[in-house]
Ligand SMILES: Cc1cc2nc3c(=O)[nH]c(=O)nc-3n(C[C@H](O)[C@H](O)[C@H](O)COP(=O)(O)OP(=O)(O)OC[C@H]3O[C@@H](n4cnc5c(N)ncnc54)[C@H](O)[C@@H]3O)c2cc1C
């Protein structure tokens, strides 16, 4: 049934599960049948709470953001971050809803943890309301993923804390990589690690951007004496908030989320120099940290540190893409509500042809970003949890492409939603103010656009990641063969698949400088073609079930991103956004028999 956006005043107080068919579709496709009903219940409950309490709290925290208390009145070092109580409520609601925990430990009454995609779906929902809160939750999951693989026995107390269900037991994660002289270029890391005994080291150095800096379980990179330069000489360390005094981490002062902020136990020797005064994501404190003989524990093989961290980074990048898709969905929701409610020039804005085009484009962008990101997440999950080595190569290319492109799309969508709300959208009383400020970080942290595009080149050169990618596109296109309403867009997509193959073949024989020059072009090309194929396959399944709506979404994506028109398409009589507005933007079903074959 079509959604009537005129029923809402704004995007707050809305159930984010119930109003998001794109999310529901992907979760249905992603979670195995035996887990689906259970996962659906968890996510639906969280979708409701996110759209109400969490979003209201996020507004409050944005105006009352964390502050750093460095010294007390006697000049004694305090070194603590102080939070508005709404922050604790949001964290409690999130962790106790099952974010992180459900995907790492079998939930009560179940035998196995849920797929990682379940945790990522929580990240999507958080993205729609508070990108800042999504950051520590993502890092807690990322740290859990690393310890699950490389330190589950040795650092069991930390793993238990990172994956705890009860908020009072939660130890949050963080990732301190960036130093002043090197963010993208992590090989320039200067932090030194000196051996103390066993797996215990002391760290000396400084980290320049540290989000969630008072977390109980920080993962960081440092160089041991005589280790080679570059990333190969980096080891991974776990930095606890309090020193090891024989007390289990989850009971130690500073161990749990709630306690860490009011504790007076013996703190580990690191110093919060200052918090960054950021444009957005005000709810997560990001600061500069000095390690001053800080106690740290080696994780795994000392020569594999960078590789371990790459595992965490992939998880963070996927969370980033999920958050981006959530932002685009929120931007579309706010825009549709405003356009339904606002009258201008004699009628509602959403009856104006040009506004209809805007809203259809936002809807299609949202579904494209969501479909691509969940597909990347499925590959990531198959690699980690399934027995599927081929999935590693696929996720190696899908993850950087997803992170790069969806982040840019999120900034565009948040910016355009602000414009659709008119002058109000620019004012802090409306959520678009925060949405745009928050979205702007998505292309920067976890790797900026250029860096990710260069990573795509690396994945192709090192792992031939384009091979499983192209194979996957062909599988999706075959699904859409012989489906009447898809005939023309399918032909366009097949042609562009050949174009993509040519582009990749050119890069394979180019000199390095030329390949770098074209890296972003290629990342975009991959995203456009892969997304087209995904949407066509989804459309084919829906047509078989009697609904042609997705065929319209696929058509418009391909029309806008792959089809080459003369005279910019103006003479081509392209009326889809106006004629099929209810179907695409309001999610009404369409009888496939009423659609012709084409663009
Ligand atoms: C709010 C916020 C929170 C953050 N939190 C954390 C955190 O918790 N932990 C952490 O470790 N870091 C964190 N960061 C740091 C962030 O990950 C880095 O800022 C980011 O990776 C970029 O690194 P940089 O700032 O050193 O920029 P640089 O590496 O100097 O890059 C600058 C620009 O140059 C481009 N560039 C780099 N190399 C190339 C190349 N070879 N070819 C072409 N272009 C290139 C980049 O794409 C970028 O646009 C945070 C940043 C922000 C803004």
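Computed from the coordinates by the stated procedures, all read-outs in this text should not be read as laboratory data. Because the structure is predicted, anything quoted here is derived from the model rather than measured. Positions of Cβ are backbone-derived with ideal geometry, glycine not excepted, and every protein chain shown enters the neighbour counts.
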Please report the relative contact order for the range 466-590, taking Cα pairs under 8 Å with a sequence separation of at least 6, and give it as a percent rounded to a whole number.
29 percent
Can you tell me the 0 to 90 degree angle between the C-alpha axis of helix 353-385 and the longest principal axis of the chain, rounded to 10?
50 degrees
How large is the translational diffusion coefficient of the range 466-590 in µm² per second when you combine the Kirkwood radius over alpha carbon pairs with Stokes-Einstein at 20 °C and 1.002 mPa s?
138 µm²/s
For helix 449-463, report the angle its Cα long axis makes with the longest principal axis of the Cα atoms of the chain; keep it between 0 and 90° and round to the nearest 10°.
90 degrees
Over the range 375-488, with a single point scatterer placed on each C-alpha, what log10 of the ratio I(q)/I(0) does the Debye formula yield at q = 0.20, 0.21, 0.22 1/Å?
-0.99, -1.03, -1.07
What angle do you read, to the nearest 10 degrees and between 0 and 90, between the alpha-carbon axis of helix 305-341 and the longest principal axis of the chain?
50 degrees
Globularity index of the range 269-390, i.e. its alpha-carbon radius of gyration over 2.2 N^0.38 Å:
1.63
Potential extension, residue 341-residue 28 segment - 0.36 nm per residue separation minus Cα distance
109.5 nm
The chain - mean residue ellipticity at 222 nm from DSSP helices (-39,500 (n - 2.57) per run, n ≥ 4, rounded to 500)
-17000 deg cm²/dmol
So the FRET efficiency between residue 2 and residue 461, C-beta based with R0 = 60 Å and rounded to 0.05, is 0.80
Below 8 Å between Cα atoms, with a sequence gap of 6+, how large is the relative contact order for the chain in percent?
13 percent
Given the C-alpha centroids of the range 58-131 and the range 317-337, what is the distance between them in whole angstrom?
19 Å
Taking a spot 7 Å from the Cα of residue 589 along the direction of its beta carbon, which residues of the range 516-559 have an amide N less than 17 Å from it?
539-553
Could you give the distance between the Cα centres of the range 547-579 and the range 452-484, to the whole Å?
23 Å
Please find the FRET efficiency linking residue 196 to residue 77, where r is the Cβ-Cβ separation and R0 is fixed at 22 Å, and quote it to the nearest 0.05.
0.50
Note the full-extension length gain between residue 63 and residue 96 as 0.36 nm times their separation in residues minus their Cα-Cα distance, in nm to one decimal.
9.4 nm
When the Debye formula is applied to the Cα atoms of the chain, each taken as the same point scatterer, what base-10 log of I(q)/I(0) results at q = 0.08, 0.10 Å⁻¹?
-0.55, -0.85
Two pseudo-spin positions, 7 Å from Cα along C-beta at residue 70 and at residue 156, lie apart in nanometres by 4.2 nm
If you project the alpha carbons of the range 418-479 onto their three principal axes, what span does each projection cover, largest first, in Å?
48, 31, 12
Residue separation times 0.36 nm, minus the C-alpha to C-alpha distance between residue 426 and residue 513: what's the value?
27.2 nm
Run the simple label-point estimate for residue 301 and residue 40 please: 7 Å along Cα→C-beta, distance reported in nm.
4.4 nm
